Each structure stands twice: as structure tokens, then as C-alpha cells.
Amino acid sequence: MMLRPGSIEWGEKRSALEKFDYAACDLALCHRHEGEWVGLMKVQHLQIGISDAALLASSDGAYGEVELRPSRKFVDPRLSAMVAAVHAEMAADFPSGRLFLDSVEQAMAVALVNGHAVRHRPVRISRGGLGPARLRRIRELVHAKMEDALSLDEMAQSVGLSTAHFARMFRKSTGKTPHQFVLRQRLERAKAMLRAPDARVLDVAVACGFKTQQHFAQVFRDVCGVSPTEYRRDFLDSEVISASETQSEDTLRL
């Protein structure tokens, strides 16, 4: 993806180059094993590799292999938004962890297979969702590994599904992506821990699987509307008010 306007001269050899002018967020798709990036690059860009495993999983067996159609310039707002999310994550030193990147890669793979496969065949959309037993297994896995990095592959394997099929089924069942679900579970545990007046915010962040206290505080504020410290203060203040009201009612009865 092009981060700023500029130009690239493409070609398989320097004697036959073709110039393309790009705007910010324009995209190009090339095979990693082919030397197509020959010539002059006068544009700041971010190059991302999608694994063969992710592409194959996204086809759900529709292909014996997945071959994408190269394109030296195209526009796809959805793909650009995903690349921008990876760029922001990279700039912040990857605070969201492996599961976030796995989820973005899988979403990009589905979009690429749907829109840029040479032998195009729509990915089959499952009508149902995950059954109660599988959902329970996922919840148990998430809670058991709350402090650790958790990958999309690990979640899918725990219920015997491919990553792409699992991601679609999970969202149909819960209304959330696996990353959103795990993040919400971590925040719910954080809320419970923050209700203890002596719990340090750093200890809560680590126990809930966040890489840094700063990232934890940012995510907590984005989702809950207040900082972890403010949340605990508001909770403890409400407890004091509730206790005072109860004591007043007891006095009135006397």
C-alpha cells in the first residue's frame, strides 16, 4: 500500500519499465517470488506478505491451490483500511499481540481470494454457527490463557476447524471477531481486579494479557470511556455511597 503519493516504474527487466503514479492508499499486488519490483520506486509504501496457509484456509477447500491475480495498481478501501491498521500496530510496536495480526491477515486473505483469485469461486458462507460445546471450549481456552499470547490458529484448532471457517462461524455465533471477544474477556477480568482497592494497574494489565500498562489504559479508555484508575475510583465511591445510604436507612428504622 502506498503511504504517500508517488510513482513506481514496474517491469521484469530494466529495459522494459512502465511507470505508474499512485495516490496515498492505492494498492499493488505481486507474487513474492517474482522479481517484479524492478525499476525506480519514488513512493513511500508498506509491503505486507500474506501466507499461503492463510490463503488456502480462506478458500475452504475450493481450490487445490490459491493463485492470486497480480495487479500493479488498484483501489480497495477495505483492504487499505486493514493495511493501515497493521501499519498503526507496527508503529506502536505491536501492542495488540499475535491474535490481532492473525485476524487481520485472515480478513485480508478472504478479501484477496474473493476479489483477486485467478480461478475465482466465492467462499462458502456457513449458515449456522458454533455449537454450545465448541463455544464453551473457546471460552475455557481464553480464560486459561488470559495472560498469554493467543493465536487464531490455536483457537481454531481447539475446536477442529480451519482458521477461516472458525472465524466466520465464531462471528455468526457471537457477533464479534475472535480478537474482539478475547479483548472483551480481558477487560471484564480487568474490571473485576480493579474493584480491589490495593490492585496495581500494572499488575492488572499483565494479568489480563496486555503488553504494556500504557496499551491497557488506552484500550480500557477506548472501550469503557474512562481510565482504569477512574473506573476503580468511581466504583469505590459508589460503594461508599451505598454503604452510607444503608447506614442511614438503619438509623431511620431505629
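Among Leu202, Leu194, Leu101, the order of accessible area from largest down is Leu202, Leu101, Leu194, computed with a 1.4 Å probe on protein heavy atoms. Sequence-distant contacts, meaning Cα pairs under 8 Å at least 6 residues apart, place the relative contact order of the range 98-227 at 23 percent.
For the peptides 77-83, 185-191, the ranking by packing is 185-191, 77-83, with the highest mean count of neighbouring Cβ atoms within 10 Å listed first.
Annotation: extensible slack from Arg200 through Ser158 equals 11.8 nm (criterion: 0.36 nm per residue apart, minus Cα-Cα distance).
With the simple spin-label model, which puts each label point 7 Å out from Cα in the Cβ direction, the Glu188 to Leu17 separation comes to 5.7 nm.
The values are calculated or read from the model by the stated rules, or taken from the named source; none is laboratory data. Everything numeric in this text was worked out from a predicted model, so none of it was measured. Reconstructed Cβ throughout: ideal geometry from the backbone, glycine too, with neighbour counts over all protein chains shown. In case anyone asks, the SASA skips ligands and DNA or RNA and just uses the protein heavy atoms, side chains included. Shrake-Rupley method; radii C 1.70, N 1.55, O 1.52, S 1.80 Å.
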